[in-house]
1. Report, by residue number, each residue of the range 32-81 that is open to solvent by 40 Å² or more (accessible area, probe 1.4 Å), under 23 Å from residue 21 (Cα atoms), basic (Lys, Arg) and not in a loop (DSSP other than H, G, I, E, B).
2. Looking at residue 45, is it touching a residue at least 24 places away in the same chain (Cβ under 8 Å) and not basic (Lys, Arg)?
3. Do you know which of the residues in the range 1-31 that are basic (Lys, Arg) and within 13 Å of the chain's Cα centre (by Cα) is surrounded by the fewest Cβ atoms within 10 Å (Cβ to Cβ)?
4. Can you tell me which of 20, 36, 3 is out of contact with any Asp or Glu (no Cβ under 7 Å at 6 or more places or on another chain), closer than 14 Å to residue 75 by Cβ and of a type outside the set (Asp, Glu)?
Amino acid sequence: VVSVFDEVVRVERGFGRPESVQEFDRYWARVHLERSAGLNGAMRLLIRSKGRAAEIGRCLTDDERSVVAARLSGSIGSMGN
């Protein structure tokens with residue numbers, strides 16, 4: 001689950017309840033869509049900030065990741081404020 005708040009972008013992972021939580025300063029967070037180095041060459045969708053990253057959307061298709069990336073990019077980082 002990705003939640004965008006006034007100051008923070010929160011990425012929660014888990015089944016039924018969060019088992020891990022990462023938070024990023026909303027102003028400095030950036031969305032990255034990049035081709036993976038693996039054999040299948042699938043896209044990876046990441047939120048990055050200050051040397052840390054969280055991969056999101058692993059269960060999505062590349063087209064779906066592109067849509068999510070565009071929507072998140074408009075909501076976080078300096079452009080989203």
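The values are calculated or read from the model by the stated rules, or taken from the named source; none is laboratory data. Everything numeric here is computed off the predicted structure, so don't read it as measured data. Cβ atoms come from the backbone with ideal geometry, glycine included; neighbour counts cover every protein chain shown. SASA here: full protein model, heavy atoms, side chains in, ligands and nucleic acids out. Shrake-Rupley method; radii C 1.70, N 1.55, O 1.52, S 1.80 Å.
1. Correct list: 44, 48, 52, 71.
2. In short, yes.
3. Among those that are basic (Lys, Arg) and within 13 Å of the chain's Cα centre (by Cα), it is 13.
4. On the way: 20 fails: closer than 14 Å to residue 75 by Cβ; 36 fails: closer than 14 Å to residue 75 by Cβ.
Answer to the selection: 3.
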